[in-house]
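The structure appears right after this line, and notes come after that.
The values are calculated or read from the model by the stated rules, or taken from the named source; none is laboratory data. A quick note: this is a predicted structure, and the numbers were derived from the prediction, not measured. Ideal geometry is used to build each Cβ from the backbone, glycine not excepted, and the neighbour counts take in all protein chains shown. Ligands, DNA and RNA are excluded from the accessible area calculation, which covers all protein heavy atoms including side chains. Shrake-Rupley method; radii C 1.70, N 1.55, O 1.52, S 1.80 Å.
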Amino acid sequence: MGTMHHLPIGDRPAVCESCSARLARDNSGRVCSPCRRSELESMARRAALVTSDPIGVGHAFEATGLGGVAGHLGCSIEDALDVVVMLGLLPAAYRRRLPVLRQLVLLGRASHIAAAEALGLSRWTVATYRRDLGLDRSGPARQRRPERNAAAIA
């Protein structure tokens, strides 16, 4: 039987945080070169979106929320979220919450309760975030449920 060689913690091969590939020995970062390139390209694409039509983006966000921004810019809703945050169309505190907001956007039309459980938030917080992002205004108009009254029940 061969002996197992244990490396000291500092000598263990590092892996990319993004894709779990082994990092090159000369890579002192936390992501591999291909993932870093993707990050840089994504940042450049978002920067170009921000500068393309900031006034139109503001109007689209006000009128139809995040979905309207994505449609206006011809980008994904995740990129639209970044553009809205970079343009300051949301409260400044939302920058710190960006990872959670991205996850919420990716949950799509999951119920407030299901989204809250998935994200570890209250359903009221989820409802507030969705309202502030205009996710309740995106897409086709929602139909209201008819009001129930005593005469209708009888």
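A few notes on this one:
- Given (1) among the charged types (D, E, K, R); (2) open to solvent by 20 Å² or more (accessible area, probe 1.4 Å); (3) within 14 Å of the chain's Cα centre (by Cα), number of the condition residue 117 does not satisfy: (3)
- Every residue from the stretch 52-99 that is among the β-branched types (Val, Ile, Thr), touching a residue at least 24 places away in the same chain (Cβ under 8 Å) and either assigned to a loop (DSSP other than H, G, I, E, B) or open to solvent by 20 Å² or more (accessible area, probe 1.4 Å) (or both): 64, 77
- Subset of the stretch 9-34 [touching a residue at least 12 places away in the same chain (Cβ under 8 Å) and in a helix (DSSP H, G or I)]: 34
- Scanning the stretch 92-124 for residues that are over 20 Å from residue 78 (Cβ atoms) and among the polar types (S, T, N, Q) yields 111, 122.
- Hits in the stretch 100-126 - residues which are closer than 19 Å to residue 69 by Cα and either assigned to a helix (DSSP H, G or I) or hydrophobic (A, V, I, L, M, F, W, C) (or both): 101, 102, 103, 104, 105, 106, 107
- Within the stretch 57-79, being under 14 Å from residue 133 (Cα atoms) and not small (Gly, Ala, Ser) holds for 57, 59, 61, 62, 64, 66, 69, 77, 78, 79.
- Residue match in the stretch 122-145 (condition: at positive phi and exposed (fewer than 13 other Cβ atoms within 10 Å of the Cβ)): no
- Residue pairs meeting the criteria (Cβ under 7 Å; at least 6 apart or on separate chains; first assigned to a helix (DSSP H, G or I), in the stretch 35-50; second among the small types (Gly, Ala, Ser)): 35/18; 36/29
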